[in-house]
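Worksheet: one structure, shown below.
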Amino acid sequence: MSDLVIPAPGLPSVPVTTGGRFPVRRIACVGRNYAAHAREMGHDPDREPPFFFGKPADAVVTDGADTPYPPRTDQLEHEVELVVAIGAAGHDVAVEDALGLVWGYAVGIDLTRRDLQAEAKRLGRPWDTAKGFDASAPVGAIVPAAQVDPSRGAVTLRVDGELRQVGDLADQIWSVAETVAELSRYVRLAPGDLLFTGTPDGGAPVRPGALLQGAIAGVGTVTTRIVREHPQPGAAGL
């Protein structure tokens, strides 16, 4: 018999291309990992080590599901990214060992309330409400790591068929192995962790009704439509 005083929340998960689902424990994101995007945001990519922020696990929106336009923003922006799915625990791992922790890869979209982020930066406050809101992490199906080369592949995002973002995994400032190793120095990685690895330039505002289609060559796709409805927290990723 459980001694929980309220029902346990459901466990968010993401489909796997070979069958089954990948449970999501935690979501971490690395900021400004493409030089062009760093410059787009007003920063010098040659002078900045990796830095991280987080999203709640129940921010996941599975491929094909609608994404509600969040409240308290007039500037919701898209950022297409390679997502790394961690399948083994590790802390303070060496770069040469980091890919051994990876279970697979997917295409994701880091949604950002850019106006709230700009205000947080101006006031020196955390980014939580700008990045970690409900349904802020659409993720496509996860491909087993053995089928993916995470060092190269065209990265694109279309909005209503119009090409908005174009880049290549080879443009990453920090490789997947370097990013995983660096994150493991701050927290102990564990099976079920997802890591968003940064976005090319070209992120731009979207409105309700917009259809977002992200793709990475050799990895897959993710599709979601921005809608006005606001579902219960966590419902999209169960």
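Largest accessible area first, the residues 78, 91 order themselves as 91, 78 under a 1.4 Å probe with ligands, DNA and RNA left out. In this rough spin-label picture, where each label sits 7 Å from Cα along the Cβ direction, the residue 225-residue 21 distance is 2.3 nm.
Counting other Cβ atoms within 10 Å of each Cβ, which trypsin sites (Lys or Arg not before Pro) in region 138-238 have at most 16 and sit in a DSSP loop? Here the trypsin sites (Lys or Arg not before Pro) that fit, given the DSSP loop and packing criteria, are 152, 185, 188, 228.
Solvent-accessible area assigned to carbon and sulfur over region 150-205 amounts to 50 percent, based on a 1.4 Å probe. Subtracting the Cα-Cα distance of residue 207 and residue 178 from 0.36 nm times their residue separation leaves 6.9 nm of extension gain. Residue 174 contributes about 80 Å² of solvent-accessible surface, heavy atoms of the protein only, 1.4 Å probe. Here the Karplus curve 6.51 cos²θ - 1.76 cosθ + 1.60, taken at θ = phi - 60°, turns the phi angles of region 201-206 into couplings of 6, x, x, 8, x, 10 Hz, with x standing for Gly and Pro. When 99, 4, 194 are compared by accessible area at a 1.4 angstrom probe, the order from most to least is 4, 99, 194.
The values are calculated or read from the model by the stated rules, or taken from the named source; none is laboratory data. Quick caveat: nothing in here was measured; it's all calculated off a predicted structure. Note that we place each Cβ from the backbone using ideal geometry, even for glycine, and neighbour counts take in every protein chain shown. Just so you know, the surface numbers come from the protein's heavy atoms only, side chains and all, with ligands and any DNA or RNA stripped out. Shrake-Rupley method; radii C 1.70, N 1.55, O 1.52, S 1.80 Å.
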